[in-house]
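Engineer: My questions will all concern the structure given below.
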Amino acid sequence: MTRKWLLKFTTFDLVIIALLSAGGVATKPFVRALAQIFTGTLIPIGTVAGIFYMLWIVLACSIVQKRGTAILVGLVQSVLVIVFDMLGNRGLGNLLVYVVPGLALELIMLLFPRYVSTWFSALVAGGIANATGSLIVSWVFLRLPFIPLASSFLVSFFFGGIGGVLGYKLYAVVAGFRPGAPSRE
């Protein structure tokens, strides 16, 4: 079953997924430091940093356009974090933090006829993925009470949604650029 599922991805798709996953993990330490300035200790850093975190996963989904892309991005990112022992490594808990938001993104995209193909679907995809990740960190690891947990969930949906739209817009800019195509001027 897994082999059949993976066979629908081309080598190009897998390269894009790997590169964008690595890009997302590589930028996290810098984004975390910047986001910590704005969040302090009240809410998890990833809540606000989701603008940048979700950009990568939505960009990968927009380019590849195949169901399951977000899950693969989450798997690659969790493996990278575990292998390179970075970002407050939670061991196998990273599978929860990275794969479950990808799974949530995949499930919410079932409501849309085409996979991450509009700014609105990108907003929902980024928002749900970031809110799911924030919920997992806030509830399982930080054990926040209900009010901070709920506010963290809402704030992370907002910022993740912005990141999703940015990822989709970046894809639209890159997809609109065709080498050798006549200039629009």
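Engineer: Looking only at segment 144-155, which residues are assigned to a helix (DSSP H, G or I) and surrounded by fewer than 21 Cβ atoms within 10 Å (Cβ to Cβ)? Spell out how you get there, then give the answer.
Structural biologist: Residues of segment 144-155 assigned to a helix (DSSP H, G or I): 146-155.
Selection gives Phe146, Ile147, Pro148, Leu149, Ala150, Ser151, Phe153, Leu154, Val155.
Engineer: In segment 123-163, which residues are over 12 Å from the mean Cα position of the chain (by Cα) and among the aliphatic types (A, V, I, L, M)?
Structural biologist: Within segment 123-163, Leu135, Ile136, Val137, Val140, Leu142, Leu144, Ile147, Leu149, Ala150, Leu154, Val155 qualify.
Engineer: Still on this model: Collect the residues in segment 55-65 that are surrounded by 16 or more Cβ atoms within 10 Å (Cβ to Cβ) and under 16 Å from Leu107 (Cα atoms), keeping them in residue-number order.
Structural biologist: Ile57, Val58, Cys61, Ser62
Engineer: Another question, if that's okay. Looking at segment 91-143, which of its residues are among the aliphatic types (A, V, I, L, M), surrounded by 15 or more Cβ atoms within 10 Å (Cβ to Cβ), over 15 Å from Arg67 (Cα atoms) and without any contact (Cβ under 8 Å) to a residue 24 or more places away in the chain?
Structural biologist: Leu95, Leu135
Engineer: For segment 112-122, does any single residue satisfy the condition of being part of a helix (DSSP H, G or I), under 16 Å from the mean Cα position of the chain (by Cα) and of a type in the set (Val, Ile, Thr)? Talk me through it step by step, then tell me what you get.
Structural biologist: The first filter runs over segment 112-122 and keeps only residues part of a helix (DSSP H, G or I), leaving 119-122.
Going one step further and asking which of them are under 16 Å from the mean Cα position of the chain (by Cα), we end up with 119-122.
So of that shortlist, the ones also of a type in the set (Val, Ile, Thr) come out as none.
Within segment 112-122, not a single residue is part of a helix (DSSP H, G or I), under 16 Å from the mean Cα position of the chain (by Cα) and of a type in the set (Val, Ile, Thr).
Engineer: Determine, yes or no, whether Leu80 is under 25 Å from Phe12 (Cα atoms), surrounded by fewer than 18 Cβ atoms within 10 Å (Cβ to Cβ) and not hydroxyl-bearing (Ser, Thr, Tyr). Don't jump to the end; show me each part of the working.
Structural biologist: Details: under 25 Å from Phe12 (Cα atoms): yes; surrounded by fewer than 18 Cβ atoms within 10 Å (Cβ to Cβ): no; not hydroxyl-bearing (Ser, Thr, Tyr): yes.
No; evaluated as a whole, the condition is false for this residue.
Engineer: Could I ask something else about it? Just wondering, is there one or more residues in segment 165-181 that are over 24 Å from Thr69 (Cα atoms), of a type in the set (Val, Ile, Thr) and at pLDDT below 95?
Structural biologist: no
Engineer: Another question, then. Condition first: assigned to a helix (DSSP H, G or I), under 23 Å from Phe141 (Cβ atoms) and free of Cβ contacts under 8 Å to residues at least 24 places away in the same chain. Can you find one or more residues in segment 45-66 that meet it? Quick ask: steps written out before the conclusion?
Structural biologist: Applying the first criterion (assigned to a helix (DSSP H, G or I)) to segment 45-66 yields 45-64.
This time we only want the ones that are under 23 Å from Phe141 (Cβ atoms), so: 45-54, 56-57.
Imposing the further condition that a residue be free of Cβ contacts under 8 Å to residues at least 24 places away in the same chain reduces the set to 45.
Taking every residue of segment 45-66 in turn, at least one turns out to be assigned to a helix (DSSP H, G or I), under 23 Å from Phe141 (Cβ atoms) and free of Cβ contacts under 8 Å to residues at least 24 places away in the same chain.
The values are calculated or read from the model by the stated rules, or taken from the named source; none is laboratory data. The model shown is predicted, which means the values in this text are computed figures rather than measured ones. Note: ideal-geometry Cβ built from the backbone for every residue, glycine included; neighbour counts use all protein chains shown.
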